[in-house]
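Here's the structure, in structure tokens; my notes come after.
Just so it is clear, none of the values below were taken in a lab; they were calculated from the coordinates. As the structure is a prediction and not an experimental result, all values here were calculated from the model. Don't worry about glycine lacking a Cβ; one is built from the backbone with ideal geometry, like all the others, and counts go over all protein chains shown.
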Amino acid sequence: MSFIQMKNIEKSFGMHTVLKDVSFALDKGEVVSLIGPSGSGKSTLLRCLSRLEVINQGEILVDDEIMARTQDGVVQYAAKSVLQRIAGKMGMVFQQFNLFPHLTVLDNLTYAPRIVKGISEVQAIGNAVKLLEKVGLSDKQQMYPSRLSGGQQQRVAIARALAMEPKIMLFDEPTSALDPELTGEVLRTIRALAEEKMTMLIVTHEMAFAREVSDRIVFMSDGVIVEDAPPEQLFTNPQHKRTRAFLQSML
Ligand SMILES: Nc1ncnc2c1ncn2[C@@H]1O[C@H](COP(=O)(O)OP(=O)(O)O)[C@@H](O)[C@H]1O
Ligand SMILES: [Mg+2]
């Protein structure tokens with residue numbers, strides 16, 4: 001069974017329906033990029049998965065557990081313990097890095113594992129040191145986020161999410177707030193995760209990157225999944241007019 005299943009999801013803000021009968025699945029080890037015009041509902045889809053937004057209709061399953069489902073037209077979320085277990089399997093990285101400004105890089109990485117997971121300080125530090133090495137920031141352990149470049153801050157944010165040992169990483173335009181010369185270092189970090197078979201759902205405008213790392217590309221437009229295909233097919237032979245128009249606009 002798929003690691004993530006979203007079935008017939010509806011999400012509205014007031015009268016404005018932002019996700020319209022969206023169905024989507026993702027297997028363990030898969031890397032899927034979510035692309036589409038601004039305002040098409042990509043962030044909202046990710047936010048519904050990570051429960052930053054509540055759905056209005058549909059069903060969400062994560063790792064064989066029901067997170068939310070609709071019964072007699074009413075959405076019911078699982079018990080708090082189930083939701084916490086599911087949340088513990090997801091790491092999220094946003095466009096704005098959202099690091100704790102008053103904590104050093106190292107403390108940014110050890111804080112949640114200690115407080116939320118109850119891991120010992122020694123072990124948390126040990127894990128954090130390894131993760132900083134992985135994202136190439138071993139020399140920044142004692143620095144505060146404000147002293148780092150945007151690309152370094154985003155790599156810390158990725159390491160911080162990994163410190164919780166998630167089973168899936170969700171990225172929402174991880175390079176959109178960065179100067180062009182800093183996007184490469186962040187994309188390299190994400191590419192390395194793909195090579196390790198980390199399950200990932202990535203919202204991105206970096207088409208070349210999406211094409212290279214993804215097993216599948218999902219194209220969303222106006223709250224609907226228009227096309228869901230392997231990168232070669234989607235980029236070289238898009239089936240829908242809207243997909244073609246979007247890809248043209250990204251050239
Ligand atoms: N909290 C909110 N309240 C009202 N409208 C929202 C909210 N969040 C998103 N929207 C609207 O939902 C639509 C989809 O937004 P979003 O998911 O952010 O799109 P994308 O990430 O594809 O650019 C947009 O029209 C946006 O204005
Ligand atoms: Mg967005």
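Structure data summary
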read-out	value
The stretch 100-164, relative contact order [Cα under 8 Å, separation at least 6], %	47 percent
The stretch 98-107 - phi-based ³J(HN,Hα) in whole Hz, Karplus 6.51/-1.76/1.60, Gly and Pro as x	6, 6, 6, x, 8, 10, 5, 3, 4, 5
Karplus (6.51, -1.76, 1.60) ³J(HN,Hα), θ = phi - 60°, over the stretch 153-167, in Hz, Gly and Pro reported as x	4, 5, 5, 5, 4, 5, 4, 5, 5, 5, 4, 8, 6, x, 9
Eligible lysines near Lys241 by straight Cα distance, threshold 18 Å, same-chain separation 8 or greater	none
Extent along principal axes [Cα atoms of the stretch 122-172; Å; largest to smallest]	31, 30, 15
Rg(Cα)/(2.2 N^0.38 Å) for the chain, N = residue count	1.02
Helical mean residue ellipticity (222 nm; -39500 (n - 2.57) per DSSP H run of 4+; nearest 500) of the chain	-11000 deg cm²/dmol
Under 5 Å, built H, 5+ apart or other chain: amide partners of Gln57	Glu10
The stretch 1-102: relative contact order as a whole-number percent, Cα under 8 Å and 6+ apart	25 percent
Qualifying aspartates and glutamates (Cα of each under 17 Å from Cα of Lys134; at least 8 residues distant if same chain)	Asp107, Glu165, Glu185, Glu195, Glu196
Within the chain: Cβ-based charge dipole about Cα centre, in debye rounded to nearest 20 (Lys, Arg +1; Asp, Glu -1)	340 debye
Mean Cα-pair separation over length for the stretch 72-141, i.e. relative contact order, pairs under 8 Å, 6 or more apart, %	23 percent
Of all DSSP beta bridges in the chain, antiparallel share, percent nearest 5	60 percent
Given Lys11/Lys42; Lys80/Lys130; Lys7/Lys117; Lys140/Lys167, the pairs whose alpha carbons are separated by over 21 Å	Lys80/Lys130; Lys7/Lys117; Lys140/Lys167
Vicinal HN-Hα couplings computed from phi for the stretch 36-53 (Karplus, 6.51 cos²θ - 1.76 cosθ + 1.60; Hz; Gly/Pro x)	x, x, 4, x, 7, x, 5, 4, 4, 4, 5, 5, 5, 5, 8, 6, 7, 10
